[in-house]
Amino acid sequence: MVFFVIRRLLAIGVMLVVTSVVTFLLFFAAPTDPAALTCGRECTPDLIDANRHAMGLDKPIHVQYGDFVKGLFAGRDFPDDPVQKAQAPETIVHCEAPCLGYSFLRQAPVTELVTQALPVTVSLAAGAFVLWMLIGVLAGCVAALYKGRWLDRLIVGGALLGYSLPTFFIGLLLLTFVSIRWAILPIPSYTPFLDNPLQWAAGLVMPWTALAVVFAAAYVRLTRAYMIESLSEDYVRTARAKGVREPRVIVKHGLRVALTPIVTMAGLDLGGLLGGMVVTEQVFGFNGLGKLAVQSVTNVDLPTIVAVVLVAAAAYTIANLVVDILYGVIDPRVRLK
Amino acid sequence: MTALTRQQEQGATTPEQAPLLDVRDLRVHFPTADGVVRSVDGVSFSVAKGETLSIVGESGSGKSVTAQAILGLHRRGRGVVSGQIMLDGTDLMTIDDESMRRLRGDHVAMVFQDPLSAFHPYYRIGSQIVEAIHSHRQISGESARTLAVEMLDMVGIPNPKARFDQYPHEFSGGMRQRAMIAMALVNEPKLLIADEPTTALDVTVQAQILSLMRDLQTELGTANIVITHDLGVVANIADRVMIMYAGKVAETGSVGEIFAAPEHPYTWGLLGSAPRLDLPRLERLAAIPGSPPSLINVPPGCSFHPRCAFRDDRLGCGSTVPELKASTGTHPVRCHLPGDRRRVLFADPADPADPADAPGDSGDSGGLGDPDGDPADLGGVGGLGDDGPGGVGGSSIATLSITASAEPGAAVDATPLLRVTNLQKYYPQYTRKLLRRAAPPVRAVDGITFDVRAGETLGLVGESGCGKSTAGRAMLRLLEPTGGTVEFKGEDITRLDGQRLRRLRRHMQMVFQDPFGSLNGRQTVGAIIATPFKIQGISPEGGIRHAVRELMDRVGLNPEHYNRFPHEFSGGQRQRVGVARAIALKPDLIVCDEPVSALDASIQAQVINLLKDLQEESGVAYVFIAHDLSVVRHIADRIAVMYLGRVMEEAPWDVLCERPLHPYTHALLSAVPIPDPEHEARRERILLSRDLPSPQNPPSGCVFRTRCLEARERCAAEVPERRELRPGHFVACHFPHEATAVLTGRP
């Protein structure tokens, strides 16, 4: 198990290096010159050159990648010019150790942008995740137990409806009615959890709901299918034959097995969401990674794009690792192999 | 009152006291979109304290559904259960779900067929047994654990304390079934229901489990219901027998009565369709034609009449459902024919009552062209009939004469059709550390040598995991051998390139075990059988379509069904499709890998007869791979016994079965149950201890030595050579010897 985790961690490292190299190459394949975008309308070629130097874009590509990696681990300066640093230290911007680059458009280190956006995204994703897993797995189990009867049909029908409603539509619907017409909840906004947990939750309930509807619908169907399968297994029949009480049969013998594939899906879905929820964040006006990504793309803020892509890739691969470890926890057969 | 009538019904076998379990007119019907499936349709029986009732029938006869109905496992399900089930004075049909749950696992317990899927894969064996205890008794975890460990010890699991904490996948098949029995008996139930408890196990393990079940029954006094399709198991374990067919009881009586004087034509057919180790080899098996009926459209009248060789419509076989009654015989039977007439027919079946009737309207059950629906085929039954009453009746001692070997002085002359020399198939393994390293390989096949001559059948037997299937595939290069040579007609095929190998495939074909998985469900059977022609680019005379129809006719399928899909056929018919595909190009050699083990006994006999006929006609040679020695003995000219990747002994079939020299062959032969209760009672078995060693780490010297009763020091030090001890009799053993008495139970 330990070797397994170590091997997987190494693989994740390789994955991230490859991702960063590829995004870096894309960066250069882009038709726009980032330096030209930095100095507004009254730009002179000299100014552009100076900015290019400040951004480090005048160096060969492999050196730039090296600078990027160095920035990640040791921090770096913009411009990275010892002469200028000695003469006019106040013109140098220092970027602290996990430096993902410097956004010249926003005049801020990218790391700072990401760390501001990340809690918003994590709050959104985590809350929605808990909500949809609870609803999805519970309703899926009920549907499986009442297979073929009206309750099952109701749940499956509801799931189909939920699945067909786009997030932005539900989001707008909630905004219009819950916040504006009926004024039950405030207009969603992000308050850091540590400032006021209640306000944090109140501001997030609607986006959570909007996001959870689609996912819950998918998980209802998934859980229902796997529960029906696992409840028809021989070992469930054995459990009943030895007189185990029905609730225990369903949860301990049926659900635990059905959870194995559900955990896989859930981990990957959560990992995907942690990379940013473009639509949800946009609809509710949350400044998360998704919105950051959209804005950087429209403004060709290349350092930010690279950073967001890397964060998303890291979230996804780590989620994958967690899923694999959980697999071993759930299923002893995997653990021993 | 009821007790009186019951006693009348069952003859004198029921003890005086009220039975432990009494089932009256049990019906389990499943409504489906196509109609009502009448899985169990009016079944009545009882089980006395401490006795063993065996319910026998083919798949779909309703035997498992009956058992599950007793446990109330159909509650909340789709099945509609009616009738009366009384367990020790409690009416199981009327009690509520919670009372039923309390009875399950406490008063009635069940053991299932496949112990791998019946145990929950995520929980330790011990905790699953403890769960069974805690579902019924409020005792501390500590004492539950002690109880479970004691029980594991009682069922013969070595080192039970350590085994308690292991998972099911860490147990071997036999150990798992022992643990399953331990779990079922831990609450000391009054009634134990075992549903095909040994079907998924090897014969040597089956012998262990059956002997364990008998011992436990004597010790605990539990009443048993053993559900099985294997008449050998019945003869071994049962006190009374109930034969089921299409959801109804065909016949019921004491084990002696059923085997000595079967009353129902179906029982008689079942007894005749299984090849037996203890009787002279027959030319043909007495297959029951056709296949069991659909339980939605059960044939009118006697549900067995479309397959019955003795049906007589004047008696109402095709129109009135016969009663289950003891007319003239010793025990109740559901048949219109008068008992004395049946006895005459069973003794001389070559003369059916009314031959003109039989083929006429037999179309109503097996619409898909019942292959042997022709009464002429039943002529072959005569072979059994000749010694039927005597042999089946249990006085078989006299009939066991050694039949002369078919081919005197094994052909020394020409090159054999297939020569396998030191064939190996290793699977490389790797450690699961951070840096992977090569581990010892799994030696699936570890140097086997034998010849197959043109037109003969070599039987390859052994228990699961002995490498027989791998060997079969490696000798056709469907798997790439890792060592040794395979010469086909003098040419070493292990070195052939792709193109030449493909051309050679014309001459060597394969029939697979699984009649479902080995046919592409999206192709019509016509297309499936035509595949070899297309692959080899051969256009047979009259076109492919014509050739395929001829092949279908040849294997007993209706050529009109050319455009049907595999799922429209029964298992036996699908296996015929597989055979047709294999013989399409008139090969010289067919490797049959367990071709009948997935089929019911009556169907098994049909396919075996077909294979024999085809061989007689075309002179094809077979390598017949099977785990069932009785089947192999029936069809093979020579038999090779494999163990852990090696051939232990190879000899002509009669020599191998009558005068084997290898201790493993002795154990294997002695473990095969024989459908004759007297014989079974008399027999002494060589029970192999321990489990099969891992093929990744086989024992040094002789691989069998760890389980061999004769093992001495030399066996660990030296690998025994393959020696020809008699003409054509090869043995790989340091201490070969004869042990005839043990094998057959003869004094």
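Over segment A:37-163, what relative contact order in percent results from Cα pairs under 8 Å that are six or more residues apart? Over segment A:37-163, the number comes to 15 percent.
Between the listed residues B:V703, B:S618, B:Y643, the Cα displaced farthest toward the positive end of the dipole of segment B:590-723, a dipole computed from Cβ unit charges relative to the Cα centre, is found at B:V703. With the simple spin-label model, which puts each label point 7 Å out from Cα in the Cβ direction, the B:R314 to A:L172 separation comes to 8.7 nm.
Here the alpha carbons of chain B define both size measures, Rg and Dmax, at 26.4, 80 Å. The stretch between B:R341 and B:T415 holds 21.2 nm of extra length on full extension. This uses 0.36 nm per residue minus the Cα-Cα distance. Take each residue of peptide A:319-332, count the partner chain Cβ atoms within 10 Å of its Cβ, and average: the result is 1.
For chain A, a Gaussian network of Cα nodes joined below 10 Å ranks A:G203, A:G101, A:G288 by mean-square fluctuation, and the top entry is A:G203. GNM on chain A, C-alpha springs below 10 Å: top fluctuator among A:T238, A:T19, A:T167? Looking only at A:T238, A:T19, A:T167, the largest GNM fluctuation is found for A:T238. If R0 is 30 Å, the Cβ-Cβ spacing of A:I184 and A:L160 corresponds to a FRET efficiency of close to 0.65. Just tell me which aspartates and glutamates come within less than 15 Å, Cα to Cα, of B:K49; anything on the same chain fewer than 8 places away is out. By straight Cα distance, B:K49 reaches B:E16, B:D22, B:D88, B:E188, B:E219, B:D239. Using just the C-alpha positions of segment A:266-337 as equal point scatterers, what log10 of I(q)/I(0) does the Debye formula give at each q in 0.16, 0.17, 0.24 1/Å? Here the Debye-derived log intensity ratios amount to -0.62, -0.66, -0.99. Across segment A:28-168, the convex hull enclosing all Cα atoms gives 192 Å³ per residue. For the pair B:E718 and B:R437, a Förster radius of 30 Å applied to the C-beta separation gives a FRET efficiency near 0.50, rounded to the nearest 0.05.
Binning the C-alpha pair distances of the protein assembly as shown at 10 Å intervals from 0 yields a P(r) profile of 2, 9, 15, 18, 17, 14, 10, 8, 5, 2, 1, 0, 0 %, listed from the shortest bin outward. Look at the dipole of segment A:1-125 built from charges on Cβ: of A:P89, A:F73, A:F3, the Cα furthest out on the positive end belongs to A:F3. Taking each residue as 0.36 nm, the span from B:R690 to B:T146 lengthens on full extension beyond its C-alpha to C-alpha distance by 193.4 nm. Note on B:D25/B:E560: beta-carbon distance plugged into 1/(1 + (r/R0)^6) with R0 of 45 Å gives a FRET efficiency of 0.60. Over chain A, Cα pairs under 8 Å with separation of 6+ residues give a relative contact order of 20 percent. With a 10 Å cut-off around each Cβ of B:120-126, the average count of Cβ atoms from other chains is 5. Among A:D81, A:D301, A:D324, the largest mean-square fluctuation in a Gaussian network model of chain A, built with springs joining Cα atoms closer than 10 Å, belongs to A:D81.
Here A:K252 is the anchor, and the lysines within straight C-alpha reach of less than 20 Å, apart from those fewer than 8 places off in the same chain, are A:K147, A:K242.
All C-alpha pair distances within chain A, sorted into 20 Å bins from zero, spread as 25, 47, 24, 5, 0 percent across the bins.
Using packing as a proxy for protection, rank A:42-48, A:210-216, B:180-186, A:267-273 so that the peptide with the highest average count of other Cβ atoms within 10 Å comes first.
By packing density, highest mean first, the sequence is B:180-186, A:210-216, A:267-273, A:42-48.
Relative contact order for segment A:152-287: 30 percent, from Cα pairs under 8 Å spaced at least 6 residues apart, divided by residue count.
What average count of beta carbons from other chains do you get within 10 Å of the Cβ of residues in B:65-71?
Going residue by residue through B:65-71 and averaging, the value is 1.
Any read-out appearing in this document is the output of simple, stated calculations on the displayed coordinates, not a laboratory observation. What you see is a predicted model, and the numbers here were worked out from it, not measured in a lab. Note that each Cβ is placed from the backbone with ideal geometry, even for glycine, and that neighbours are counted across all protein chains shown.
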